[in-house]
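Notes follow once the structure below has been shown.
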Amino acid sequence: MDNSLLQVLTVPTAPYPDQRPGTSGLRKKVHVFQSRRNYLHNFIQSIFSSIDLRDRQGSTVVVGGDGRFFNRTAIEVIVQMAAANGVGRMIIGHQGIMSTPAISCVIRKYKAIGGIILTASHNPGGPDGDFGIKFNTANGGPAKDAVTNKIFQISRTIEEFAICPGLHVDLTTLGKQMFDLENKFKPFTVEIVDSVESYANLLRNIFDFAALKDLLSGEKHIKIRIDAMHGVVGPYVRRILCEELGCPVNSAINCVPLEDFGGQNPDPNLTYAADLVDSMRDGQYDFGAAFDGDGDRNMILGKHGFFVPPPDSVAVIADNIFCIPYFQHTGVRGFARSMPTSAALDRVAKATKIELYETPTGWKFFGNLMDAGRLSLCGEESFGTGGDHIREKDGLWAVLAWLSILATRKQSVEDILKDHWLKYGRNYFTRYDYENVDIDAACEMMEDLEIMIVDKSFVKQRFAVEDKIYQVEKADNFEYTDPVDSTISRNQGLRIIFSDGSRIIYRLSGTACDVATVRIYIDSYEKEQILKDTQVMLAPLATIALKISQLHHRTGRSGPSVIT
């Protein structure tokens, strides 16, 4: 045998019962991947085995991650297994780092069969933190349920995996690396690419970079503050906002990706991005933004730390969508939001006579509508906003969309949002997160709550808090029928809708481990009182939400971990 040929091995293994991918892939504590024999290998083999061998042979797969701890280790295993499973080419971000929006872009650009994204999004990193693996399909978006279910079923019965253990890739050097494997007619190619360039070029074709450069570095430029939270977006911010659009380098902070995100949760909200909010309070900056670990989420702030709630953010972009040249050319096909997200976007859709879709949480539902040519702009209350240029939510895209609106309207963030409320009224919205709740207690609470609210006697019940009276008009467990392929998604969240349109929604999240996050969403519309404090305005509904669910008693929790 030619010693220069790399050996392909078939290694026996045993299945694990807990490798069901969630909305955002498989997420576990780092120590699970490190301590359980072949845990990573099993899941990666299950991904490759879910792809038909004829489609897999000679195909292109994209790989990248947010730079968190275990990223490099996982990439080496993935490359070794891709080669052994017949993949012809791997495209990997420089240093193994590439944002989730950029991976979606690269999958689509190179017509890859899919991509493996190594991230746990806004969850903490480091050796004691979380790690995640998500598979995106050829459209650049998260795999649909049929695919993730197939991956899970394979993982439950897996007996062996294929690997080429002698294959080692240099992630530090841009360019192609070729490897000859035994029993393979063509070399296996690994291409290390600039993580930013393809994505940056896509953005250049969407936005008016000349107008943005004038806004950010021209004679009457605004001052901005951008916090990359030591996640993957740092290099993108430096390259696009600073080098290309002329922002001072000190406008961007925490731009070096770190394996533990500097010891903080890379979660762009008022709790975890508090340092950014504090730095905005004295009024020296006109615009602020923060991103999560993998770059798909964003938070928008105005002068003095004025907070733009995510449901309002997508509604404002929708109302000003033709400030973005891309949409001047493509037109607008439709708007969409996730069910828990406030109905602010619905009002813009109604006024502009554009179709509005209400979907379950998860970007894959938006992607299906985009692939069918039905959707142009969408958003989730969990700080996710995006367009049909890719099939993922896109934090930096959202920031450039807001800056495009500022450049066109020549108003402050606060004035733009207040004008929006004057025009449409305001949907007051909040979300209470009860994190690390015992999973059995959480599930029992949700089961009992569903039994209560779906009973016919629950409809028309009245709840009085202070001088407010709310009457139940509808209550259900949200079910979605996809208008494209008629697939049905059940059990997507418990909804209580009152006669004035106010809503209380309960959902479980993060149930992959022994604990869960219970989320309560509250949405209430006001036509006249648009400048009140959100928590004050929603206090009566919050009281009702806790009374109905008995959450504090059932979970032993006295209050939420995070309020957004």
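The values are calculated or read from the model by the stated rules, or taken from the named source; none is laboratory data. No experiment lies behind these values; they were computed from the predicted model shown. Cβ placement follows ideal geometry from the backbone for every residue including glycine, while neighbour counts extend to all protein chains displayed. The accessibility values were calculated without ligands, DNA or RNA, using every heavy atom of the protein model including side chains. Shrake-Rupley method; radii C 1.70, N 1.55, O 1.52, S 1.80 Å.
A few remarks follow.
- The one condition from (1) closer than 18 Å to residue 55 by Cβ; (2) open to solvent by less than 60 Å² (accessible area, probe 1.4 Å); (3) part of a helix (DSSP H, G or I) that residue 152 does not meet is (1).
- The C-beta contact set for the stretch 118-140 (first residue without any contact (Cβ under 8 Å) to a residue 40 or more places away in the chain, second residue part of a loop (DSSP other than H, G, I, E, B) and open to solvent by less than 20 Å² (accessible area, probe 1.4 Å), distance under 7 angstrom, 6+ apart or interchain) comprises 137/143; 138/112.
- Selection count, the stretch 410-431, where residues are among the basic types (Lys, Arg) and over 18 Å from residue 536 (Cβ atoms): 2
- The stretch 354-387, subset without any contact (Cβ under 8 Å) to a residue 60 or more places away in the chain and more than 25 Å from residue 268 (Cβ to Cβ), residue most open to solvent (accessible area, probe 1.4 Å): 355
- Criterion: among the charged types (D, E, K, R), in a loop (DSSP other than H, G, I, E, B) and surrounded by fewer than 24 Cβ atoms within 10 Å (Cβ to Cβ) - qualifying residue of 333, 347: 333
- Within the stretch 185-197, the set of residues being surrounded by fewer than 18 Cβ atoms within 10 Å (Cβ to Cβ) and either in contact (Cβ under 8 Å) with a residue 24 or more places away in the chain or of a type in the set (A, V, I, L, M, F, W, C) (or both) comprises 185, 186, 189, 191, 194.
- Total residues in the stretch 297-328, condition over 20 Å from residue 215 (Cα atoms), in contact (Cβ under 8 Å) with a residue 40 or more places away in the chain and open to solvent by 10 Å² or more (accessible area, probe 1.4 Å): 4
- Scanning the stretch 466-479 for residues that are touching a residue at least 40 places away in the same chain (Cβ under 8 Å) and under 20 Å from residue 449 (Cα atoms) gives 470, 478.
- Positions within the stretch 443-475 being out of contact with any Phe, Trp or Tyr (no Cβ under 8 Å at 6 or more places or on another chain), open to solvent by less than 30 Å² (accessible area, probe 1.4 Å) and closer than 20 Å to residue 492 by Cα, in sequence order: 445, 453, 458
- Tallying residues that are open to solvent by less than 40 Å² (accessible area, probe 1.4 Å) and either assigned to a helix (DSSP H, G or I) or more than 29 Å from residue 117 (Cβ to Cβ) (or both) within the stretch 263-296 yields 7.
- The criterion of at least 3 residues that are surrounded by fewer than 24 Cβ atoms within 10 Å (Cβ to Cβ) and out of contact with any strand residue (DSSP E or B) (no Cβ under 8 Å at 6 or more places or on another chain) is met, among helices (runs of 4 or more DSSP H) falling completely within the stretch 46-126, by 53-56.
- The number of residues in the stretch 476-487 that are open to solvent by less than 80 Å² (accessible area, probe 1.4 Å) and in contact with a strand residue (DSSP E or B) (Cβ under 9 Å, 6 or more places away or on another chain) comes to 8.
- Across the stretch 1-45, the qualifying residues are those that are assigned to a strand (DSSP E or B) and within 19 Å of residue 183 (Cα to Cα), and the one among them that is most open to solvent (accessible area, probe 1.4 Å) is 10.
- Against the conditions (1) without any contact (Cβ under 8 Å) to a residue 40 or more places away in the chain; (2) over 24 Å from residue 224 (Cβ atoms); (3) of a type in the set (D, E, K, R), residue 419 satisfies every one except (2).
- Checking every residue in the stretch 524-534 against the condition of being in contact (Cβ under 8 Å) with a residue 60 or more places away in the chain, aromatic (Phe, Trp, Tyr) and not in a loop (DSSP other than H, G, I, E, B) gives at least one match.
- Filtered by the rule that a residue be in contact (Cβ under 8 Å) with a residue 60 or more places away in the chain, over 19 Å from residue 411 (Cβ atoms) and not in a helix (DSSP H, G or I), the stretch 210-253 gives 226, 227, 228, 229, 231, 232, 233.
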